[in-house]
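Okay, here's the structure, questions in a sec.
The values are calculated or read from the model by the stated rules, or taken from the named source; none is laboratory data. Note that the coordinates shown come from a computational prediction; the quantities given were computed from them, not determined experimentally. So basically every Cβ, Gly included, is an ideal-geometry build from the backbone, and we count neighbours across all protein chains shown. Remember, those area values only see protein heavy atoms, side chains included, never the ligands or the DNA or RNA. Shrake-Rupley method; radii C 1.70, N 1.55, O 1.52, S 1.80 Å.
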Amino acid sequence: MSTADQHHRIDYLEFNVASIAASKAFYGDAFGWTFQDYGPDYCEFRDGRLTGGFAHGAAQPGGALVVLYSTALEDSLAQVEQAGGRITKPIFAFPGGRRFQFTDPDGYELAVWSAT
């Protein structure tokens, strides 16, 4: 894919987090993400398709809602809760599917949706 094809597409997400270790544990346990550390204050994450980073610093909850896809929504909700996430909107239906929203340990709100 050329750089022109990537213009205006989401390329990377970055979160300031209080603890890189805690964020790695949460996202690794909840979604199976993998990580590459770049020193003590930065860690890159990979979800298998998209990359992003955790930067050590004051958490800044808010901004755009990051939405993840799931093939098994109830299982994803259980994994989020088991990893320490707080469900802010239980599973609900919307045109095209179902989803839930949660906050991670630093207070970032994300959503997970499924077409089924």
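Inside region 4-26, can you point out the residues that are closer than 16 Å to T51 by Cβ, open to solvent by 60 Å² or more (accessible area, probe 1.4 Å) and not hydrophobic (A, V, I, L, M, F, W, C)?
Q6, R9, D11, Y12, E14
Give me the residue from region 27-63 that is surrounded by 14 or more Cβ atoms within 10 Å (Cβ to Cβ) and hydroxyl-bearing (S, T, Y) and, out of that set, farthest from the chain's Cα centre (by Cα).
Y42
Follow-up. In region 51-65, which residues are modelled with pLDDT of 90 or more and farther than 13 Å from D106 by Cβ?
Within region 51-65, T51, G52, G53 meet the criteria.
Moving on. Limited to region 29-44, what total is found for residues that are without any contact (Cβ under 8 Å) to a residue 40 or more places away in the chain and under 21 Å from R86 (Cα atoms)?
Going residue by residue through region 29-44, those that are without any contact (Cβ under 8 Å) to a residue 40 or more places away in the chain are 32-44.
Add one more test, that the residue is under 21 Å from R86 (Cα atoms), and what stays is 32-33.
Result for region 29-44: 2.
Can you spot a residue in region 91-99 that is open to solvent by less than 40 Å² (accessible area, probe 1.4 Å) and under 20 Å from N16 (Cβ atoms)?
The answer is no, given that none of the residues of region 91-99 is open to solvent by less than 40 Å² (accessible area, probe 1.4 Å) and under 20 Å from N16 (Cβ atoms).
Those residues that are of a type in the set (G, A, S) and open to solvent by 60 Å² or more (accessible area, probe 1.4 Å), I need them from region 64-90; list them, please. Steps first, please.
Within region 64-90, the first condition is being of a type in the set (G, A, S), and the residues that meet it are 64, 70, 72, 76, 78, 83-85.
Within region 64-90, A64 is the sole residue that qualifies.
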